[in-house]
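Chemist: Handing you a structure now.
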Amino acid sequence: MFTHGAQYYKFAALPATYPASGEAEKSANIDNGYYAVALPSAFANGIWMSWVSPPSDPNQYWFKGTNDYTGSAAGSNPGQYGAVLAVNAGEVLNEYYRRPVQLERGATYVLSAAIYIANSGAATRLEVQQSATGQILAKSADFGDWQSAPYNLPQQAWGPISLTFTVDSNCNANENYSVSLRNKLSSNSNNDFYVDDVKLEKVASAPSAVAMACATTKVPTIAADDDNLGTVYAGETTTTGVRVNDTITQADGTTVTTNSSNSTIRQTSTVPGLTLRSDGYIEVASTVTPGTYEVPYQICIAPETKPWPTCADAIATITVPSGTAPPRTPDLQPLPDDYTSTPVAPGGKVPSVITNDTSDGTTLTPTDIGSSVTVKLVGEDPGQFTMNPDGSITVSTTTPPGTYTLTYEICANPAQTPANCKTTTVTILVQSPIDAVNDDFTGAPTAPGGSTASVLGNDTLSGAGNPVPKVDVTVQADPNGTVPTGFKVNEDGTITVDPTVVPGNYSVPYQICAVSNKALCDSAVATITVAPPVVTTPPTILATNDDFTSAPIVPGKSTPSILGNDTLNQSGNPAPVTDVIVSSDPTSLPPTGFTINTTDGTITVGSTVPLGDYVVPYKICAQSDSSACSTAVVKIKVDASVGTSTPPSVMANPDDFTGTPVVPGQSTPSVLTNDELDGTSNPPAGAGGVDVSEDPKNPPPAGFKINTDGTITVPTTATPGTTYDVPYQICSNGVIVVCKSTVAKVTVGNSTVVTPSPTPILASNDDFSTNVTLIPGSTTPSVLTNDSLNSTSNPVPVTDVVVGDDPKSSKVSGFTVKPDGTIDIDPTVVPGNYVVPYQICEAANTNNCAAAKVTIVVSADSGGGNNGSGSGGLPGVGGGSSVQAVPSLGTWALLMLSALIGGMAMRRRRQM
């Protein structure tokens, strides 16, 4: 928004939902006096309001559809448009576009833009202004659809406008300028237009150029006068700085002497042995021979305005005599000290007062005390304070709290006659040694009827933290504050919340006082969030059938865990004992010789079990609620011949992650991508693939963790920029175990590296156990109906994603995830409960993926058959309905349209 003039334009905020009335509705509609930036395609026919469907009102539009100015002119990228500025000018006679520029004196420029009048009735003017005041220094004629050539603009088409101007050579060289576009028609009828391609170009002189006036408002200037700094012996420093006769003239005409705060200074050429310091003094090296020297320098107004600072040049003259410098009186400059921002308790001390004092322009340090200067306290209150040898001041333990201003004296040492001494002040705030600090308990909400933690945890008494209630301090409500109704400050430091308190955030003031001195008190505030009563939701548990027949078991051996595809509260692979209780199904005991191991979820095949195929029922119950249970079966093939089968082929290849450094605390990609199992690259981690672990003969560097999914986590203590060799091992997890080891090279990146966020992608779990009947040989509905890409598509179009199995989860035998999002169920699948994992990846970036799971209940074929379509399917799938793919858009367009579709509307104003 621009504050020049009586009125200004407002940026149109685009809400997520259409507002009912008031300013919010005007903003959403880009009403009179509002502007917005968007793609031209978003304005096509004005039908971009999600609340108008279908668009039946022909007046519900703002602009005709068009390209942007450059795209329209080039014609090489149809349909690919850049953003434009859309202005509903209304009756606001002010700038709707403004930006700062740099102009050279005597140079000629062309300021240009393109205007697209939506209907009729619009006028615009180009201007050059002084930035600070808005004074118009050059302007064009008014361009409009009512003007004659060359100032005429077409209706519903792009028209160029321009202003050619020359900067006066006499203008202030350091002036700040801006260019702007101003509305020149006061009308709420029509007066709507696009703006595009605003440019400022320097050109050769042009006869038609307008002469730009100079700004009449003065700006600060600086003047530097030459200096004669007198005689300075070799090895000495000038007693006067070059700033003493340099001045700054302010905009109001007042003149001030330059100093290190309002100016910067630099030596403009080298003079051997003579150095100009930033404080304006010149050091003469001991090697400088006698003679007269000139030191050129430049002084500028601070802060310097880049790239054109306001500066002046001058020369300092120094005469270096022969011989040794006679004894001289050093120039002592003590400065006041103010330590009130860092209070000190009785018995404490403040830092040295000498660190901001100077001698001959050189800042003193505590080591100078005794060698070149002396320092001591003088005047009132010295009895409560002691000056230490290093210039620090100790506060007596009996000093009452308060603010004290002391005087100290600094003298040259050895002492001179007459004495060379200066005095200044030091201000000290003595604060009580008790400190009550505000508490924030919002991160741990308190239920009605409960109590908070103690407020004393971050409080201190005499510098000691967490004082003991009733022993060190008393705790009570702050007598100068108001405790909300229903809260009680307890003597032990806790705060009790009455059961009747309404959930919300509350501020409770409290006070602590020293037991040894009841007058020594301090107050603070505890912020408390009262949470609504907790509603306990019973756990959801699902045991899913397992099929281990593809990996036969030798008698005397055990299966993998049966929990891998089971879920507890929608979370897969629950932990035995900790999360779930594993047992036999009491309604259907396992075959003879089979033992269900309750501690790890495996099933052991007895050594005497005959060869063959078996079905073993089992049961899991939630550890937190043993009444929440589920049952399933495990298909097992017992085959002694697998014990003599050929060992699997395992190959672990070295990995090099040095090209993509990993930030401490984060993990590498999987090391399995270039490893092999039986000739197949990138074997899965876990059942049916390989197990990833540390190399037992060569452990990883300290802190590095080899994860079971194949990734390597870098410790937070790892050194950025360092490359580590991390050994690891992969082993086949079939009947015959074969292991191979190799090394991954990992370079640790800087912790400040920020990885660009990919397009948001979300895969949500699906539950096809209800509302759809599935039998062996049938097909499920699409899993994409509740997934989204870039937070805008739901369902996500199949053209925008790649659908397939989840590479990080075990594939469920008999189920095929298809590219269109449906899942084929093999005719051989045994009826039961199944959880099938799947993955979706962004088609434009297949590294940007998300995974979810599908719960499927396969029923026995009753003869009717159902392939997942028809009346038994999900709404809108099957039953004669069709689902049309949504056309894909570019990522940038999706981002813009997501904001636009959120709730913005523009309406054409009718003729009055």
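Chemist: How large is log10 of I(q)/I(0) for segment 181-295 at q = 0.16 Å⁻¹ when the intensity is taken from the Debye formula with one equal scatterer per alpha-carbon?
Modeler: So the normalised log intensities are -0.88.
Chemist: Restricting things to Cα coordinates, could you compute the convex hull volume per residue of segment 541-635 in Å³?
Modeler: Value for segment 541-635: 79 Å³ per residue.
Chemist: Still on this model: When only DSSP loop residues count, what GluC sites (Glu not before Pro) in segment 262-345 have their Cβ near at most 13 other Cβ atoms within 10 Å?
Modeler: Of the GluC sites (Glu not before Pro), the ones in loops of segment 262-345 whose Cβ has at most 13 other Cβ atoms within 10 Å are Glu304.
Chemist: Please give the peptides 713-723, 827-837 ranked by average Cβ packing (other Cβ atoms within 10 Å per residue), highest first, as a rough proxy for protection.
Modeler: 827-837, 713-723
Chemist: Considering Cα pairs under 8 angstrom that are at least six residues apart, work out the relative contact order of segment 650-748 and quote it in whole percent.
Modeler: 37 percent
Chemist: Using the Kirkwood radius over C-alpha pairs as Rh, can you work out the diffusion coefficient of segment 332-430 via Stokes-Einstein at 10 °C, viscosity 1.306 mPa s, in µm² per second?
Modeler: Rounded to a whole number, D works out at 116 µm²/s.
Chemist: What's the magnitude of the charge dipole for the chain around its Cα centre, counting Lys and Arg as +1 and Asp and Glu as -1 at the beta-carbon? Answer in Debye, nearest 20.
Modeler: Roughly 1580 debye for the chain.
Chemist: Taking every pair of distinct Cα atoms and averaging 1/r, then inverting, what Kirkwood hydrodynamic radius in Å comes out for segment 165-205?
Modeler: 14.3 Å
Chemist: Still on this structure, please answer the following. Where does segment 184-234 land on the Kirkwood hydrodynamic radius, alpha-carbon pairs, in angstrom?
Modeler: Kirkwood radius, segment 184-234: 19.2 Å.
Chemist: Tell me which of Thr770, Pro795, Ser809 sits at the most positive position along the dipole axis of segment 761-858, charges placed on C-beta atoms (Lys, Arg +1; Asp, Glu -1).
Modeler: With unit charges placed on the Cβ atoms, the residue in question is Ser809.
Chemist: For segment 650-748, what is one quarter of the convex hull surface built on the Cα atoms, given in nm²?
Modeler: Over every viewing direction, the Cα hull of segment 650-748 projects on average to 5.7 nm².
Chemist: What is the angle, in °, between the Cα long axis of helix 891-901 and the longest principal axis of the Cα atoms in the chain? Nearest 10 is fine, range 0 to 90.
Modeler: 90 degrees
Chemist: Quick one: if the Förster radius is 60 Å, what FRET efficiency do Ala13 and Thr578 give, using the C-beta to C-beta distance and rounding to 0.05?
Modeler: Efficiency at R0 = 60 Å is approximately 0.75.
Chemist: Divide, for segment 457-572, the radius of gyration over alpha carbons by 2.2 N^0.38 Å, where N is the residue count.
Modeler: 2.05
Chemist: Now for a separate question. If I take R0 = 35 Å and measure r between the Cβ atoms of Asp725 and Thr595 in this structure, what FRET efficiency does the formula 1/(1 + (r/R0)^6) give, to the nearest 0.05?
Modeler: E between Asp725 and Thr595, to the nearest 0.05, is 0.20.
Chemist: Moving on to the next point. Return the lysines within reach of Lys470: Cα separation strictly under 19 angstrom, same-chain partners fewer than 8 residues apart disregarded; answer none if there are no such residues.
Modeler: Output for Lys470: Lys488, Lys518.
Chemist: Hey, another quick one. With each pseudo-label sitting 7 Å past Cα toward Cβ, what's the Ala157-Gln666 distance in nm, one decimal?
Modeler: Calculated label separation equals 5.3 nm.
Chemist: Evaluate the Debye formula for segment 87-132 with equal point scatterers sitting on the alpha carbons, no solvent, and hand back log10 of I(q)/I(0) at q = 0.25, 0.31 Å⁻¹, in q order, two decimals.
Modeler: Result of the Debye calculation: -1.15, -1.50.
Chemist: Let me ask something else. Just going by the charge dipole of segment 422-512, with Lys and Arg at +1 and Asp and Glu at -1 on Cβ, which of Gly449, Thr460, Tyr510 is farthest out on the positive end?
Modeler: Thr460
Chemist: Please give the charge dipole size of segment 761-841, origin at the Cα centre, charges +1 on K and R Cβ atoms and -1 on D and E Cβ atoms. Round to the nearest 20 debye.
Modeler: 100 debye
Chemist: Also, quick follow-up: Under a plain spin-label model, where a point goes 7 Å from the Cα along Cα-to-Cβ, how far apart in nm are Ala223 and Thr442?
Modeler: Roughly 5.7 nm, to one decimal.
Chemist: Take peptides 577-584, 616-623 and line them up by average Cβ neighbours within 10 Å, highest first, as a rough protection proxy.
Modeler: Most protected by this proxy first, the peptides run 616-623, 577-584.
Chemist: Would you tell me the accessible area of Trp158, worked out with a 1.4 angstrom probe on the heavy atoms of the protein chains, in Å² to the nearest 10?
Modeler: Roll a 1.4 Å probe over it and Trp158 shows about 40 Å².
Chemist: Extension gain Gln570-Ala325, at 0.36 nm per residue separation less the Cα-Cα distance, in nm?
Modeler: Extending this stretch completely gives an extra 79.4 nm.
Chemist: Using alpha carbons only, what's the Rg to Rh ratio of segment 398-455 with Rh from Kirkwood?
Modeler: 1.47
Chemist: Taking all pairs of distinct Cα atoms, average 1/r, flip it, and tell me the Kirkwood hydrodynamic radius of segment 232-326 in Å to one decimal place.
Modeler: In segment 232-326 this quantity evaluates to 14.3 Å.
Chemist: At a probe radius of 1.4 Å, what is the per-residue accessible area of Glu23, in Å² to the nearest 10?
Modeler: The accessible area of Glu23 comes to roughly 100 Å².
Chemist: What Rg and what Dmax come out for segment 768-847 when only alpha-carbon atoms are used, in angstroms?
Modeler: That works out to 13.3, 39 Å for Rg and Dmax.
Chemist: To continue, here is another question. To one decimal place, what orientation-averaged projected area in nm² is obtained for the convex hull of the Cα set of the chain?
Modeler: Its Cα hull, projected and averaged over all orientations, spans 60.7 nm².
Chemist: If you don't mind, another one. Evaluate the relative contact order of segment 332-430 (contact order divided by residue number), counting alpha-carbon pairs under 8 angstrom at least 6 apart; express in whole percent.
Modeler: In percent, rounded to a whole number, it is 38.
Chemist: Expressed as a rounded percentage, what relative contact order does the chain have, with Cα pairs under 8 Å and six or more residues apart?
Modeler: 8 percent.
Chemist: Another one. Toward the positive end of the charge dipole of the chain, about the Cα centre and with charges on Cβ (Lys, Arg +1; Asp, Glu -1), which of Leu406, Asn573, Ser148 goes farthest?
Modeler: Ser148
The values are calculated or read from the model by the stated rules, or taken from the named source; none is laboratory data. Because the structure is a prediction, the values reported are computed rather than measured. Counting neighbours? That spans all protein chains shown, and the Cβs are built from the backbone with ideal geometry, glycine included. These accessible areas exclude ligands, DNA and RNA; they are computed on the full protein's heavy atoms, side chains included. Shrake-Rupley method; radii C 1.70, N 1.55, O 1.52, S 1.80 Å.
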